[in-house]
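Trainee: My questions will all concern the structure given below.
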Amino acid sequence: MPASLRQLRVFLSVARHESYTRAAEELHLTQPAVFSQVKQLEERLGHPLFERIGKRMFLTEAGKVTVDGAREALDAVERMHMRLADMKGLRQGKLRIAIVSTAQYFLPRLLGSFCDANPGIEVALMVTNRQTVLERLSQNEDDLCILGTVPGGLDVVATVIADNPLVILARHDHPLVGERNIPPERVAREPFILREPGSGTRLAAERFFKARGLSLPMRMELGSNEAIKQAVIGGLGLAALSRDTLALEGQLGVLKTLDVAGFPLLRQWQVAYPRGKHLSVVAEAFMDHLVANGQAAVEAGSGPLPGPAVGE
Ligand code: PGA
């Protein structure tokens with residue numbers, strides 16, 4: 001007898017969490033029920049799917065093959081439901097999106113307008129850093145991923161949706177505020193508050209300075225754009241952040257962008273998915289929405305781009 005969809009769904013959850021207990025929590029089942037579904041699946045397929053080394057669970061080779069097949073099968077069934085709903089004039093189904101944390105400043109606006117126009121859609125939004133989004137993208141875990149420029153070498157389809165300029169921020173009373181065309185060497189003598197390793201923002205800033213033989217003196221490393229802005233306001237140093245993060249503080253004049261030669265560093269937001277993936281009806285519609293409205297949503301938050309320094 002072939003594997004059932006229910007077994008595949010349970011198996012994928014265990015594989016994702018590497019834990020029966022956490023899969024049981026996610027699926028609102030008991031742990032023994034999850035265990036028995038996986039056991040039955042193993043019997044049907046004639047292969048052990050997991051092995052335990054120490055306390056950790058690992059997928060066996062057969063388990064890895066089953067992950068790919070299970071994802072394809074469940075995606076195909078979901079697409080079928082969406083197409084049928086579409087035939088009735090209803091756009092409904094699930095939209096799974098992973099975004100880098102900096103995209104949270106404009107993406108919710110776009111999701112809001114999309115969900116208003118398509119009330120039957122359920123959205124699962126994962127907000128994390130660039131490294132994790134890239135891992136999810138290469139493992140085909142979401143319908144769409146939104147991040148700064150996708151690195152070459154990944155076999156994905158990537159489409160630009162908006163500008164994403166990186167700026168250097170200082171507190172309004174910092175001595176460099178108001179200076180024109182500040183050389184990068186001068187800025188690199190100031191203490192910097194940087195995002196965590198794995199962040200696209202940090203990578204872009206470090207690359208810029210490294211290309212000029214400079215490194216940024218790090219005073220502190222923080223895993224959130226909001227915490228970084230508060231640290232700059234607290235006088236702890238300068239920061240390089242996407243201009244999208246500035247909507248409120250920029251308007252209030254607490255934070256200023258410095259006029260550093262080479263900045264704003266012009267980057268772009270892209271939406272991406274693995275090449276060869278069959279996009280669902282809903283994902284295709286959301287892609288169109290992103291391409292049509294992405295730039296306007298970004299500008300609604302932080303003003304036209306690349307504009308004059310914020311707060312000046
Ligand atoms: P981050 O990515 O939120 O991981 O820093 C943002 C970007 O790449 O611009």
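Trainee: Taking interchain pairs and intrachain pairs at least six residues apart, which have beta carbon atoms under 8 angstrom, with the first residue in the range 54-75 and within 19 Å of His278 (Cβ to Cβ) and the second loosely packed, with under 14 Cβ neighbours inside 10 Å?
Mentor: These pairs meet every condition: Ala73/Leu5; Leu74/Leu5; Asp75/His278.
Trainee: Okay, next question. Give the residue that is farthest from the ligand (Cβ to nearest atom), with candidates limited to residues of the range 276-295 that are under 17 Å from Ala98 (Cβ atoms) and part of a loop (DSSP other than H, G, I, E, B).
Mentor: Ser280
Trainee: Within the range 234-283, track down each residue that is in contact with a helix residue (DSSP H, G or I) (Cβ under 9 Å, 6 or more places away or on another chain) and basic (Lys, Arg).
Mentor: Once the filter is applied, which keeps residues that are in contact with a helix residue (DSSP H, G or I) (Cβ under 9 Å, 6 or more places away or on another chain) and basic (Lys, Arg), the range 234-283 yields Arg243, Lys256, Arg267, Lys277.
Results for (1) touching a residue at least 12 places away in the same chain (Cβ under 8 Å); (2) on the phi < 0 side of the Ramachandran plot; (3) surrounded by 18 or more Cβ atoms within 10 Å (Cβ to Cβ); (4) of a type in the set (Asp, Glu), shown as yes or no for each residue.
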{"residue": "Val10", "(1), (2), (3), (4)": "yes, yes, yes, no"}
{"residue": "His17", "(1), (2), (3), (4)": "no, yes, no, no"}
{"residue": "Gln37", "(1), (2), (3), (4)": "yes, yes, yes, no"}
{"residue": "Arg44", "(1), (2), (3), (4)": "yes, yes, no, no"}
{"residue": "His47", "(1), (2), (3), (4)": "yes, yes, no, no"}
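Trainee: Do we have Ala158 as of a type in the set (Gly, Ala, Ser) and closer than 25 Å to Arg79 by Cβ here? I'd like the intermediate steps shown before the answer.
Mentor: Details: of a type in the set (Gly, Ala, Ser): yes; closer than 25 Å to Arg79 by Cβ: yes.
Yes, satisfied.
Trainee: Select from the range 210-226 the residues that are assigned to a helix (DSSP H, G or I) and either buried (at least 19 other Cβ atoms within 10 Å of the Cβ) or at pLDDT below 95 (or both) and list them in ascending order. Break it down into steps so the answer makes sense when it comes.
Mentor: Step one: filter the range 210-226 for residues assigned to a helix (DSSP H, G or I), giving 210, 225-226.
Of everything in the range 210-226, those that are assigned to a helix (DSSP H, G or I) and either buried (at least 19 other Cβ atoms within 10 Å of the Cβ) or at pLDDT below 95 (or both) turn out to be Asn225, Glu226.
Trainee: Shifting gears a bit: Based on this model, can you work out whether Asp75 counts as farther than 30 Å from Ser224 by Cα and either polar (S, T, N, Q) or surrounded by fewer than 17 Cβ atoms within 10 Å (Cβ to Cβ) (or both)? It would help to see each step written out before you state the result.
Mentor: Details: farther than 30 Å from Ser224 by Cα: yes; either polar (S, T, N, Q) or surrounded by fewer than 17 Cβ atoms within 10 Å (Cβ to Cβ) (or both): yes.
Against the criterion (farther than 30 Å from Ser224 by Cα and either polar (S, T, N, Q) or surrounded by fewer than 17 Cβ atoms within 10 Å (Cβ to Cβ) (or both)), Asp75 qualifies.
Trainee: What number of residues within the range 142-173 satisfy the criterion of being touching a helix residue (DSSP H, G or I) at 6+ places or on another chain (Cβ under 8 Å), over 20 Å from Asp244 (Cα atoms) and more than 16 Å from the ligand (Cβ to nearest atom)?
Mentor: 1
Trainee: Moving to a separate point now. Of all residues in the range 99-114, which are touching a residue at least 24 places away in the same chain (Cβ under 8 Å) and within 11 Å of the ligand (Cβ to nearest atom)?
Mentor: Hits for the range 99-114 are Ile99, Val100, Ser101, Thr102, Ala103, Tyr105.
Trainee: Can you tell me which residue among Asp68, Asp86 is farther than 23 Å from Ala3 by Cα, at pLDDT below 95 and not small (Gly, Ala, Ser)?
Mentor: Asp86
Trainee: Continuing with this model, one more query. Take Val260 and tell me if it is at pLDDT 95 or above, among the aliphatic types (A, V, I, L, M) and within 16 Å of the ligand (Cβ to nearest atom).
Mentor: On the way: at pLDDT 95 or above: yes; among the aliphatic types (A, V, I, L, M): yes; within 16 Å of the ligand (Cβ to nearest atom): no.
For Val260, the condition - at pLDDT 95 or above, among the aliphatic types (A, V, I, L, M) and within 16 Å of the ligand (Cβ to nearest atom) - is not met.
Trainee: May I pose another question? Report the residue count in the range 174-209 for those that are away from the ligand (no atom under 16 Å from the Cβ) and of a type in the set (Lys, Arg).
Mentor: Number satisfying all stated conditions: 3.
Trainee: Give the range 6-58 a look and list any residue that's assigned to a strand (DSSP E or B) and in contact with a strand residue (DSSP E or B) (Cβ under 6 Å, 6 or more places away or on another chain), or say none.
Mentor: Looking only at the range 6-58, we keep the residues that are assigned to a strand (DSSP E or B), and these are 50-53, 56-58.
Of everything in the range 6-58, those that are assigned to a strand (DSSP E or B) and in contact with a strand residue (DSSP E or B) (Cβ under 6 Å, 6 or more places away or on another chain) turn out to be Phe50, Glu51, Met57, Phe58.
Trainee: Which one is farthest from Val65 (Cα to Cα) among residues in the range 121-141 that are within 15 Å of the ligand (Cβ to nearest atom), of a type in the set (S, T, N, Q) and not in a strand (DSSP E or B)? Before you say what the answer is, go through the steps one by one.
Mentor: Keep residues of the range 121-141 that are within 15 Å of the ligand (Cβ to nearest atom), which gives 125-137.
Retained after the next criterion (residues that are of a type in the set (S, T, N, Q)): 128-129, 131-132.
Those still in the list that are not in a strand (DSSP E or B) too: 129, 131-132.
Values: Asn129: 28, Gln131: 24, Thr132: 22 Å.
Only one residue fits best here, namely Asn129.
Trainee: Identify all residues within the range 285-302 that are over 18 Å from Ala272 (Cβ atoms), of a type in the set (D, E, K, R) and either at pLDDT 90 or above or out of contact with any strand residue (DSSP E or B) (no Cβ under 9 Å at 6 or more places or on another chain) (or both); write none if there are none.
Mentor: none
The values are calculated or read from the model by the stated rules, or taken from the named source; none is laboratory data. In this text, all values refer to a predicted model and were calculated from it rather than measured experimentally. Positions of Cβ are backbone-derived with ideal geometry, glycine not excepted, and every protein chain shown enters the neighbour counts.
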